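Below: one structure, written as C-alpha cells.
The values are calculated or read from the model by the stated rules, or taken from the named source; none is laboratory data. Keep in mind the model is a prediction, meaning the values are calculated, not measured. So basically every Cβ, Gly included, is an ideal-geometry build from the backbone, and we count neighbours across all protein chains shown.
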Amino acid sequence: MSKVRITITIDEDLLESIDRIAGKLKENRSSLIERFLREAVAEEEMMLSPMVRHMLSSAMASPQVVESLRGALRNEMEERHYNVVADKLDRMQSVSMRAARLREEPHGKKE
C-alpha cells in the first residue's frame, strides 16, 4: 500500500509522549503514529457494528456487569488510566439505561 504524506497539528505534550514511546520501542514516530491510528480505527469500526453496539448496550444497562468490569479494571490498571475508563463506563451505562427505558416505553409515549 502506498504512503501519503500529511500534516497534522497536535498538542506538544502528546508529541513528547509519542516520541518517548517511540524511543523506548526503537520505532520511528511515523510508524508508531500509523500503528496507533490503525488500532484506533479498527476498534472504532468494530464498535460501529450493530451487533457489538447491541451487545454493549444490553450489557451496560446491567449494574452488575458494570460493577464486575470496574472491579476487574481497578485491579489491572494504574489509577489515572482507571479513572478515565471508569468515567467512560459511567457515561456508557447512563446512555444504555436511557436507551433500555425508551425501548420499554409504549410507542408514542413522550416524557
Practice task
Filter the range 79-98 down to the residues that are over 14 Å from the mean Cα position of the chain (by Cα) and small (Gly, Ala, Ser), then identify the one that is farthest from HIS54 (Cα to Cα).
Solution key: SER94
Practice task
For the range 54-80, enumerate the residues that are at pLDDT below 80 and more than 15 Å from GLN93 (Cβ to Cβ).
Solution key: HIS54, MET77, ARG80
Exercise for the section: Return a yes/no flag: does the range 31-51 have any residue that is over 23 Å from ASN83 (Cβ atoms), surrounded by 10 or more Cβ atoms within 10 Å (Cβ to Cβ) and in contact with a Lys or Arg (Cβ under 9 Å, 6 or more places away or on another chain). Expected result: yes
Practice task
May I ask you to verify whether GLU45 is closer than 30 Å to THR7 by Cβ and either outside any helix (DSSP H, G or I) or within 17 Å of the chain's Cα centre (by Cα) (or both)?
Solution key: yes
Exercise for the section: Would you be able to say whether some residue in the range 66-78 is of a type in the set (D, E, K, R), within 16 Å of the chain's Cα centre (by Cα) and closer than 30 Å to GLU104 by Cα? Expected result: yes
